[in-house]
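Here is the structure we will look at, set down as structure tokens.
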Amino acid sequence: MKIGKLPDQVIRLLIIFAILIAGFVIARIFFVPASFGKLGHYRADAITAIEKLPVKYAGSLVCTECHSDIYELKSKSYHKGLHCEVCHGAASKHANAPDESKPLIPRKRDHCAKCHSYLPSRPTGFPQINVLYHNPNKPCHDCHNPHDPTPPTIPSKCSACHANITRTISLSYHASLECKTCHETPPEHIENPSLNLPHKPAERSFCGNCHDPKAQSAKNIPRVDLETHYPGYLCWQCHYPHFPEAE
């Protein structure tokens, strides 16, 4: 069977492909390092280049030679997995010449906030704070020893995350009420707060359980007739539940 001549358009395409392949081969020769692929999918000469870089970090074991007491304290604390140079910076120069080079000693609140400011993505149980409300303008190390950061008082229950609300309600007439009095909270809320929100009252009648004239509650609790007291409005449109007496 006689093979006919290739169409001109096919020949042109073949020429283009040949040029592209040749260009790729030539580019690879010029741009891919000669040591690439010798030890793996990377440039083997990079190891030698890294070895020539100056050493900046000393390592925690070097720190223990002079600071064994601090290391002993830290090794039993919540910061036991934290290397010294995470907070104090590269310490190679300090290790070689302690009197000439001093390590960084973080004093500002924003340093601790890098790990401890509130983020929903942090692991469950990881200590977190709202930097704006948690002892504002006070250095963290005034209350916490960085090498043994056990808090002086451990928050419990709702106040661990809602400290601002806890402080507000502690000054109000509702101070004696437990959070669960008004909020039904699923157990999963502790582990995944954003995905398991607590229940909030949605009807006026809920407040009436305590404040209605016929409610079976303490006599000193303020009473309102829900039928005549601003009907059509929800109670919390006028009264902040965590500080209801505020105007």
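The values are calculated or read from the model by the stated rules, or taken from the named source; none is laboratory data. Every value quoted in this text rests on a predicted model; they were computed, and no experiment measured them. Here the Cβ is made from the backbone with ideal geometry for all residues, glycine too, and neighbour counts use every protein chain on show.
Taking the range 218-245 as the range and being loosely packed, with under 13 Cβ neighbours inside 10 Å and under 23 Å from residue 180 (Cβ atoms) as the test, the residues that pass are 218, 220, 221, 222, 245. Of the residues screened, residue 200 is not one that is loosely packed, with under 11 Cβ neighbours inside 10 Å, outside the structural domain of residue 76 (by TED's automatic domain parsing) and basic (Lys, Arg).
Exactly one residue out of 70, 21 is over 30 Å from residue 126 (Cα atoms), at pLDDT 90 or above and among the β-branched types (Val, Ile, Thr), and it is 21. Is there a residue being buried (at least 16 other Cβ atoms within 10 Å of the Cβ), more than 18 Å from residue 74 (Cα to Cα) and not β-branched (Val, Ile, Thr) anywhere in the range 117-129? Yes, the conditions are met somewhere in the range 117-129. How many residues are part of a helix (DSSP H, G or I) and surrounded by 13 or more Cβ atoms within 10 Å (Cβ to Cβ) when one looks only at the range 132-163? Summing the residues that are part of a helix (DSSP H, G or I) and surrounded by 13 or more Cβ atoms within 10 Å (Cβ to Cβ) in the range 132-163 gives 7. On the stretch given as the range 106-115, residues that are in contact with a helix residue (DSSP H, G or I) (Cβ under 8 Å, 6 or more places away or on another chain) and surrounded by 15 or more Cβ atoms within 10 Å (Cβ to Cβ) total 4. Among residues of the range 89-104 being in a loop (DSSP other than H, G, I, E, B) and out of contact with any helix residue (DSSP H, G or I) (no Cβ under 6 Å at 6 or more places or on another chain), the one that is nearest to residue 64 (Cα to Cα) is 98. Might you check whether a residue that is of a type in the set (Asp, Glu) and either free of Cβ contacts under 8 Å to residues at least 12 places away in the same chain or outside any loop (DSSP other than H, G, I, E, B) (or both) occurs anywhere in the range 205-224? For the range 205-224, residues of a type in the set (Asp, Glu) and either free of Cβ contacts under 8 Å to residues at least 12 places away in the same chain or outside any loop (DSSP other than H, G, I, E, B) (or both): absent. Applying the set (1) without any contact (Cβ under 8 Å) to a residue 12 or more places away in the chain; (2) not in a helix (DSSP H, G or I); (3) not hydrophobic (A, V, I, L, M, F, W, C) to residue 166 leaves exactly one unmet item: (2).
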